[in-house]
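Enquirer: I have a structure I would like to understand better, so I am pasting it below and will then ask my questions one at a time.
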Amino acid sequence: MPDYERMSEPIADTSASSMSAPAEAPSFELRFRPSVELISVVRHFVADFYLKVLPDEDMASRLALATHELLENAAKYSIDGEAVLQVELDSAAGTIFVRISNRAASAQIEALRRLFDEISAAEDAATFYAQLVRRSAARTSGSGGLGLARVWAESEMSMRLLIEGNRIQIHARGRIAAAG
Amino acid sequence: MSKATPRACAIEVSRGATYTRVALRGDADLDAVDALGAALSEVHARAIADRCAEVIVDISQLEFMNSTCLKKIITWLGSLEALAPESRYRVRFLSDPTIRWQMRSLHALESFSAGLVTVERS
């Protein structure tokens, strides 16, 4: 079973307060524009955050790469140049929650819908990533969803797509190893 | 470990008698996409013209590669695979297992035609 679910229901709440972790849980929210120029700066901040709060470096590396890819996708396709990133770690529950949000053109939204449909039908993340690599080799333009397939394969997180009008959110949630 | 500041991607191409070597260092992110695509196109054209046996891609000092740059590499490998077998050259990646994304992300590249692409730990 793919660890994935797709939602197209209205977004109920996009505020940080909707997160369920305790108030003292490590977390941050970034809202920035113009986004593309800041991506590499944010990536280093995010990588350092994960190294600080997660119990092992491999997990921190996987999550940093996944977060970067989500962020880059959101920034590249944002129609107003803005992207919002939220990351929250719930040590007690053993979960990490990454939420990325932006406004996108209808063509991009439809492409995301199709990609998430493919993800939901995929056998597993690694197989799907390998398939996307082969498919990308035949494409001369566009990534064909390679970044999101990489996120799924790298992070082993469950992913959810939410759409309301032209605002899209991708929620990624994963398990983290216990410290110590 | 992450460093505090972003590092530009450096691309160096050198040639031996039977091989071409491409060394990538730093961070291959959005700023590096065009340069990487152009470098790989040039390497591909020269390798075919020179009947090069092997292209070595040294990523052992490449700290990061985003999917857009990865796509450039995949497109290059797709072009290579599309050649007639007698015109192909081998591609060997030299990776560093301590840079954690490399083996995870590059493993799928070995799904190209058998023997065409290998990923080695340097």
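The values are calculated or read from the model by the stated rules, or taken from the named source; none is laboratory data. Note that the structure is a prediction, hence the values are computed from the model and not measured. Because the Cβ atoms are built from the backbone with ideal geometry, glycine has one as well, and the counts that use them run over all protein chains shown.
Enquirer: For the structure I just gave you, tell me whether residue B:81 is of a type in the set (D, E, K, R), in contact with a helix residue (DSSP H, G or I) (Cβ under 8 Å, 6 or more places away or on another chain) and free of Cβ contacts under 8 Å to residues at least 60 places away in the same chain.
Expert: It is true that residue B:81 is of a type in the set (D, E, K, R), in contact with a helix residue (DSSP H, G or I) (Cβ under 8 Å, 6 or more places away or on another chain) and free of Cβ contacts under 8 Å to residues at least 60 places away in the same chain.
Enquirer: For the range A:95-140, which residues satisfy the criterion of being surrounded by fewer than 15 Cβ atoms within 10 Å (Cβ to Cβ), hydroxyl-bearing (Ser, Thr, Tyr) and away from chain B (no Cβ under 14 Å)?
Expert: A:106, A:120
Enquirer: In the range B:35-51, is there at least one residue being modelled with pLDDT of 95 or more and either outside any helix (DSSP H, G or I) or among the acidic types (Asp, Glu) (or both)?
Expert: The answer is yes; a qualifying residue exists.
Enquirer: Let me ask something else about it. Say we look at the range A:148-163 and pick out the residues that are surrounded by fewer than 22 Cβ atoms within 10 Å (Cβ to Cβ) and either modelled with pLDDT of 90 or more or of a type in the set (Gly, Ala, Ser) (or both); which of these is farthest from the chain's Cα centre (by Cα)?
Expert: Among those that are surrounded by fewer than 22 Cβ atoms within 10 Å (Cβ to Cβ) and either modelled with pLDDT of 90 or more or of a type in the set (Gly, Ala, Ser) (or both), it is A:163.
Enquirer: Turning to a different aspect of this structure: State yes or no: is residue B:27 among the acidic types (Asp, Glu) and in contact with a Phe, Trp or Tyr (Cβ under 6 Å, 6 or more places away or on another chain)?
Expert: Answer is yes for this residue.
Enquirer: Output the residue which, of all residues in the range B:23-36 that are of a type outside the set (Asp, Glu) and surrounded by fewer than 21 Cβ atoms within 10 Å (Cβ to Cβ), is farthest from the other protein chains (Cβ to nearest Cβ).
Expert: So the residue we want is B:23.
Enquirer: On to the next question. When you go through (1) away from every other protein chain (no Cβ under 14 Å); (2) under 30 Å from residue A:41 (Cβ atoms) one by one for residue B:68, which number turns out not to apply?
Expert: Here residue B:68 meets the rest and fails (1).
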